[in-house]
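Here's the structure we're looking at; comments come further down.
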Amino acid sequence: MSDKDYYRVLGVEKNASMEDIKKAFRKLAHQFHPDKPTGNAEKFKEVNEAYQVLGDSEKRRTYDQFGAAAFDGSAGGNQGFSGFSGGFSGFQSAGFEDLGDLFGNMFGFGGARGGRRRERRGSDIQVDVEISFREAVFGMDREIRITKSSVCERCGGNGGEPGTTRKTCAACNGRGVRTVTQRTVLGTIQTNVTCSDCGGEGEIPSVLCTNCRGIGVLSQKRTLSVSIPAGVEDDAVLRLRGEGEAVKGGVAGDLYVRIHVGADQRFQRDGNMIYSMLRVGFTQAALGDRVKIDTIDGPVELSIPAGTQTGAKLRLRSKGVLGRNGRGDQIVVVEVMTPTRLSKQQKKLLEDLDLRE
């Protein structure tokens, strides 16, 4: 059973808030990213694994109750103790293949010997990408560089030197499983576990691949193009299937790209609407005017109606964020600036006007 302490990995207390966990992850991810001078690929992977669990409230509850073993050493890869239906499949997805085989053999649910072998799956990866406010509105393609395990190109992931044969695994005699005797509260019971030598395949290469030494995967730097959709919001997560960690004899995990949208001092966003502020003079507000104002598309001319009051909201149609029903609008909130420094003549003119409610 795994004894990983994800709280210790992130350097937070067990009662830490989700925001504290997120902050700790971002700090450590920046510190250990393999492309940085302080990078450490193993530490980066460990921190990412911890956050995949603690950063999800449901998975965190499962971890707090059952520990890291509930995730089979792959944060986010399985759902752990999400249920016990389907022949104790909850035990198997939690990494307790031995217990799954134990109860399967005792009560007829089927185990590794007679059932279908559970497909291996690589770990998921998460990366953080920062984009500007404008890029979030219109979308973009962004290239990211990551270091991850990928299928060995020389052997295609089978671990054998090209052109050579495979032979029966001597450790399990080609069965793909090994019988282990265990002492339990029910007595001494024999259970089936996946053979560690062949990974459950029953065969091993006769000659190991000279590139990966039979592992089937290699740690490599890769450049991926990520299409960030128009209208993406801050803290959104994009999923790239099969772009996570590769694993021999199984499928690769997924790559999760968390988007961080930078602030723009001119604009605030609320869903598909964009808000901005406009300060106008007393005379402009009273008599009306036409002024230039910034939008996400560039400057446009805006008409200020006569008698405009502070807090008035003027609408620029289709200058907001793209959504399912087209682009939203930009709302311009007006602030009327009352003059504070008046000449004697200006004061006299205002007194003569005697403008009152």
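Every read-out reported here was derived from the displayed coordinates using simple, explicitly stated rules and does not represent laboratory data. Note that the structure is a prediction, hence the values are computed from the model and not measured. Neighbour counts run over all protein chains shown; Cβ positions are idealised from the backbone, glycine included.
Screening Pro34 with (1) in a loop (DSSP other than H, G, I, E, B); (2) touching a Ser or Thr at 6+ places or on another chain (Cβ under 6 Å); (3) surrounded by fewer than 17 Cβ atoms within 10 Å (Cβ to Cβ) gives one miss only, at (3). Looking across segment 117-167 at every residue that is over 19 Å from the mean Cα position of the chain (by Cα), of a type in the set (Ser, Thr, Tyr) and surrounded by 13 or more Cβ atoms within 10 Å (Cβ to Cβ), the one that is farthest from Glu46 (Cα to Cα) is identified as Thr164.
Filter segment 221-237 for residues that are at negative phi and surrounded by 17 or more Cβ atoms within 10 Å (Cβ to Cβ) and give the result.
Answer for segment 221-237, where residues must be at negative phi and surrounded by 17 or more Cβ atoms within 10 Å (Cβ to Cβ): Val226, Ile228, Val232.
The single condition from (1) free of Cβ contacts under 8 Å to residues at least 40 places away in the same chain; (2) outside any loop (DSSP other than H, G, I, E, B); (3) among the aliphatic types (A, V, I, L, M) that Leu342 fails is (2).
For segment 238-281, the tally of residues that are at positive phi and over 20 Å from the mean Cα position of the chain (by Cα) stands at 2.
Tally up the residues in segment 191-215 that are polar (S, T, N, Q) and in contact (Cβ under 8 Å) with a residue 60 or more places away in the chain, please.
Qualifying residue count for the region: 3.
Elements of the type strands (runs of 3 or more DSSP E) sitting completely within segment 238-322 and holding at least 2 residues that are in contact (Cβ under 8 Å) with a residue 40 or more places away in the chain and surrounded by fewer than 16 Cβ atoms within 10 Å (Cβ to Cβ): these cover 273-281. Scanning segment 197-234 for residues that are of a type in the set (A, V, I, L, M) and part of a strand (DSSP E or B) returns Ile204, Leu208, Val217, Leu218, Leu224, Val226, Ile228.
Evaluating Gln65 against the criteria (1) surrounded by 15 or more Cβ atoms within 10 Å (Cβ to Cβ); (2) in contact (Cβ under 8 Å) with a residue 12 or more places away in the chain leaves one unmet condition, (1). Residue under question is Val193, and the condition is that it be out of contact with any Leu (no Cβ under 8 Å at 6 or more places or on another chain), assigned to a strand (DSSP E or B), under 20 Å from Gly122 (Cα atoms) and among the aliphatic types (A, V, I, L, M); does it hold? The answer is yes for Val193.
Each row is one residue, and each column tells you yes or no for (1) touching a helix residue (DSSP H, G or I) at 6+ places or on another chain (Cβ under 6 Å); (2) of a type in the set (Asp, Glu); (3) farther than 20 Å from Glu245 by Cα.
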| position | (1), (2), (3) |
| --- | --- |
| Glu153 | no, yes, no |
| Gly159 | no, no, no |
| Lys167 | no, no, yes |
| Cys198 | no, no, no |
| Glu203 | no, yes, yes |
| Ser206 | no, no, yes |
